1. Show the residue pairs that are 6+ apart or on different chains and have beta-carbon atoms under 6 Å apart, the first residue being within region 437-466 and among the β-branched types (Val, Ile, Thr), the second being in a loop (DSSP other than H, G, I, E, B).
2. Within region 321-334, count every residue that is in a loop (DSSP other than H, G, I, E, B) and of a type in the set (Asp, Glu).
3. Give me the pairs: first residue in region 218-229 and at negative phi and of a type in the set (A, V, I, L, M, F, W, C), second residue part of a helix (DSSP H, G or I) and surrounded by 15 or more Cβ atoms within 10 Å (Cβ to Cβ), beta-carbon distance under 7 Å, and six or more apart or on different chains, which are they?
4. Filter region 622-639 for residues that are charged (D, E, K, R) and assigned to a loop (DSSP other than H, G, I, E, B); which is farthest from residue 751 (Cα to Cα)?
5. Return the residues of region 626-659 that are hydroxyl-bearing (Ser, Thr, Tyr) and either assigned by TED's automatic domain parsing to the domain that holds residue 751 or surrounded by fewer than 17 Cβ atoms within 10 Å (Cβ to Cβ) (or both); say none if nothing qualifies.
6. Please go through region 335-357 and pick out each residue that is over 20 Å from residue 373 (Cα atoms) and not in a strand (DSSP E or B).
7. Do the conditions hold for residue 256, that is, is it assigned by TED's automatic domain parsing to the domain that holds residue 175, at pLDDT 85 or above and among the acidic types (Asp, Glu)?
8. If the requirement is being free of Cβ contacts under 8 Å to residues at least 24 places away in the same chain and in contact with a Leu (Cβ under 6 Å, 6 or more places away or on another chain), which of these qualifies: 648, 621, 625?
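The values are calculated or read from the model by the stated rules, or taken from the named source; none is laboratory data. Here the structure is a predicted model, which means the values were calculated and not measured. Cβ: placed from backbone, ideal geometry, glycine included. Neighbour counts: every protein chain shown.
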Amino acid sequence: MKKILLLILLPILSFTQNCAPTLIATDTCMYGYARTWVEWQPLDSGCTIANIHRGTPYNTYTWSWGNQNQTDYSFYNNYSPGDPFASSEGFWMVLEMADGTFTDTIYASDFTCISGCMDPSYDNYNPLANIPDVCLAIPPPQDDCVDTTKTSITIEFVPDTYAGETSMRILNQDDSTLFFLPQGYFYNIGTGNTYTQTICVPIDDTVRFMIYDSYGDGICGSCFGGVDGYALITDECGDTIYSLTPGDNLNFGNGDTSDIFVMKDCSWIPVVGCPNPAYLEFNPAADIDNPALCVTPRVVGCMDSTMFDFNPMANTPLMEDTCDYTLELTDGGGDGWLGAYVMVNQLGNSYGPYTNVSSFVETINLELKSNHPVTIRAYSQTSSDATIDQIGFRLINPEGTIIASGGTNPWSDRIMLFPDNYIALPNCPTICSPYVYGCMDASAYNYNDTANTSDGSCYYEPGCTDPQFLEYYTQGFIADYNNGDCQIEAIWGCTDSTAFNYDTLANIDNGGCIAIIYGCMQPLAFNYDPNANMDDGSCVPFVYGCTDPTMFNFDASANTDDGSCIPYVFGCTDSTMFNYNPLANSDNNSCIPYIYGCTDPSMLNYNPEANTEDFSCISYMYGCMDSTALNYDPLANTDNGSCIEIVMGCMDPNAYNYESIANVNDTLSCLYDAGCVTGPGVPYWLNDPCYAWVIDVDAYCCENEWDNICQLTYDYCQGTWVGSIPKRISKLVAVTDLLGRPAKITKNKLLIFIYDDGTTEKKLIK
């Protein structure tokens, strides 16, 4: 065991200490050898150590420091126990500061490093130890939980290569340690080996599992070339509380913790019922909701028919929302509970833990909700100084009724739940309002803010209530309660000194004041005022005339109308104009001159601007107005789109050149076959003069053949006689219009003349 040096500070020298620090000597064996840390706090951050003065028979000690402004300095020896030089007898030192001041002398004494469990909550706790060693977990390992109020937690853990770095802990709901394995414990397990442990925990308790690593790399052994660890924490039902398995991130740093886990009773048999407090069938112990069992809705109200707020539909008393309950902790011996405690839970709110400290009876006030179940859990802790069957508790409502109690049980385990959870339904005092009669109008003079039933007693304005007195009218309001203010008798009259009938004795105006009215008081005057009570000399005589300013003969000087008014008649007063108005007496500039023309809109030459008919109207004559057309109408003045284009041609169907579309027959153009046997060409037309002459003088040319003589004769006619061949005189046989209808010879009309030789002429006789 290494020896450690205890520095003792003794003031043996007196110096002016401007920078001299306060020295603190702290002993430790945490590094496996004796070391004393010297901590100092300078008065000024700029102060530094200039020198160390020390003395010892054996100058074997090492003094080290970092920056001189730091506050941690240490000295120690490196010799093994039993070394004669290891003694620190006679060792001393003094720190000299940079400003020339000195610290007090520091002496050292010997002590020994002792390894052991330094946690007093464990069985192997060693109060002399100054080097931490393995603590044995409490409670001792348990393989099974025979107590029906408890269930088990199973720990399965494989440390990584650096097993000595890992520690773990399990805490209950009030953060008390249920299980602990300190750092270094897993040295004995070894890398790759499985540690398995089972501990017992009260049912319904809440737990948290915590794991730590001193190096800060979790159980990730592979992070530094080693083997990874493994952790699996489960409850008796097989549910996982915490796990770190291959594939997870095993490098949790310095520490990791599970979620809060509620321990379950795996042999639990659920209670089926109505867990809804809104129904009368509410069962606070129900685990499974059966809606069919929730039948009667809870109607909260006052159920006292003599009360003001009585509700005939209510089936649940109206209670205060919250009220104060008393939690009473008893101890028969009067020596306290020595670690036992009680927890109270309602609507997710926890109260406690509460413990009897040092008396026979301790009381705690709790504010609890009405109609919401409350759970009471009582815990005991065995102690050599406690008698378990002495302690108990009671939960008392505001009316003094005990709604839950427990205790004086032979608790046999160190940490153990009472045999049952205590479930109670708090009911605060009922609330019913009695009838309180009075005035309920807040604006009333005698308003009663405690009243809930009006008795018709409200009054609002105390004062004079007698209308025979002046105060009744002058107080500014109508009093509904006579308080004796009536003093002065009321005298009615005109109180306006400017009025015609002013009464000097009146103190209350009767509304009958007559104002002075100035005006003409002569009945024969034009402006006589029958309402005037004082003549102002303004009388005016009557002046008769038209007094209507809207009339033509208005007389501005007249004040009396004589019925002579003539109304304005506006119009054109010019007799030369088209719209002259002989009745008009006022020209309105509306005169229109005469405009002559055809005024008939159905006529060809209708003039829309004309206002006087001049009998020039021309009727519409519809027809073809194109003189070149077949049906040209010289009498038409309005073309009706009926014009037919003249198509000249042979209209004889027997002719060779018959034109089916022709509408005017050109008989001279018709060609007919001569019917001869031969000829110089095909065909020779009968209407060819020279051909007709040849076959007439020489029938041989037609009947036999057209020989050279026939041709010479024909050529002779063509070259010599064409212009002198006697023509037959044609005779007129018919006259038609352009449509071929028989017509008489008429001037200025296009006609067709037809002759006996088949020729036609189109003529217009002027």
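1. Filtered contacts from region 437-466: 450/436; 453/435; 465/479.
2. 1
3. Sorted first by the residue in region 218-229, then by its partner, the pairs are 227/221.
4. For region 622-639, the residue satisfying everything is 626.
5. 627, 628, 638, 642, 656, 658
6. If the condition is that a residue be over 20 Å from residue 373 (Cα atoms) and not in a strand (DSSP E or B), then 335, 336, 337, 338, 339, 340, 355, 356, 357 are the ones that fit.
7. In short, yes.
8. 621
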